[in-house]
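So the structure is just underneath, and the comments pick up after that.
Just so it is clear, none of the values below were taken in a lab; they were calculated from the coordinates. This structure is a prediction, so every number in the text was calculated from the model and none was measured. Neighbour counts are summed over all protein chains in view; Cβ atoms, including those assigned to glycine, are modelled from backbone coordinates with ideal geometry.
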């Protein structure tokens, strides 16, 4: 059986951390995707800006071309047959065994620059031959095997789960003639896949090549959309993966939240290195965070800073409830006084001199409608009915007892109404007594009847 294992570690020593703990970054100063020392540049669409330039007399064109395969995989091949090739041509190239189908992505003098970046020489064994331009039959066979990759991946995952191997099958790439398939996988530990290769070879009747890739390489092959809303850098233009550590996030004053700092691959985002050099240049004017400010009210320690506004916040060691906002010039002034063994004024005096710029709010100068005019919540039906019943006018009763409360018992006619004033006064005192509540129970009503007769 054919067994070949590749392990790629795509990093270099130029991106490691310095002796003082400061990360190197990518030295791009925020200009991502424009090329530079890291060899970055679009790895799918390459612009040959030397295509219209004529070579000097007596010099032959460079006969090595860059061929692109699935998911941006690129290799260099030699044009030994002197074929007339241009970018975008589909060609059949040498492979082991058989041949593979790829697309010409770059040719001419720019290939020398790419080979120099990847440390590939012209007489290297990795530089194989270009057989011919692909015919329609070659393209049809290549496309038919490309259509089988998804089904092969599904069945391959079933075999892996049946064997109980701790590995993840991320992608499959068939060779152009269909004689070989490359299985890309990720694993945290060493995996013994000898039995797996036998099962895969017997299931698909092809040669199997197992290739281990890292989590970053897996995300680059599969692609996706990042938190910024754009396509992943590793799948579009990023060609090598620089080392990213948490020191890059600390120098940019970012919260060390792994959910926000991690990318699709589960590792720290590569874009943390893009603007790191700009932050490091801006931080050169700021004092060290361990610096203690000595004032008349006591020592003050650093809390946080805003690099863009050049503002720093300090608080007293003894009373850390209040934070004082100072400018960079004020902090440098206090540090200069401390060097002369002088205590600075209290932080309250410095904070009073800081001018806080008002925030620019939206003003409706044109007179258009509010953007939130449709955001008012609708009232529920039950509440609307209750309000409607409250506003309804109560009917006026025609009987004499309309002004009485419904819970009070009806008052009987006073028989002493036509008696003299002295007798009426006595009767009024009796009427001012609180009436007993009316009870629907017949027994209670019968008990109250003799008392009413006594009043009469």
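For the pair residue 375 and residue 71 in one chain, pulling the backbone fully straight at 0.36 nm per residue adds 104.8 nm over the alpha carbon distance. The length gained by stretching the chain between residue 121 and residue 267 to full extension, at 0.36 nm per residue less their Cα-Cα distance, is 49.2 nm.
Kindly state, to the nearest 0.05, the FRET efficiency for residue 199 paired with residue 166, given R0 = 25 Å and r defined as their beta-carbon distance.
Numbers: r = 16 Å, r/R0 = 0.66.
The formula returns an efficiency of 0.90 here.
Segment residue 240..residue 137, full-extension length gain: 33.5 nm, with 0.36 nm per residue of separation and the alpha-carbon distance subtracted.
What FRET efficiency would be calculated for the residue pair residue 78, residue 280, taking the C-beta separation as r and a Förster radius of 45 Å, to the nearest 0.05? The partial results should precede the final answer.
Details: r = 44 Å, r/R0 = 0.97.
That pair, residue 78 with residue 280, gives E of 0.55.
Packing, as the average of other Cβ atoms within 10 Å across residues, places the peptides 250-262, 173-185, 273-285 in the order 173-185, 273-285, 250-262, highest first.
Report note on the peptides 212-224, 327-339: ranked by the mean count of other C-beta atoms within 10 Å, highest first, their order is 212-224, 327-339. A crude spin-label estimate for the pair residue 297 and residue 323, with each label 7 Å from Cα along the Cβ direction, gives 1.6 nm.
With R₀ fixed at 41 Å, the C-beta to C-beta distance from residue 53 to residue 231 puts the FRET efficiency at about 0.80. With each label modelled as a point 7 angstrom along the Cα→C-beta vector, the residue 188-residue 60 pair spans 5.5 nm. Label reach from residue 354 (point 7 Å along Cα→C-beta): in region 225-268, amide nitrogens under 18 Å belong to 253.
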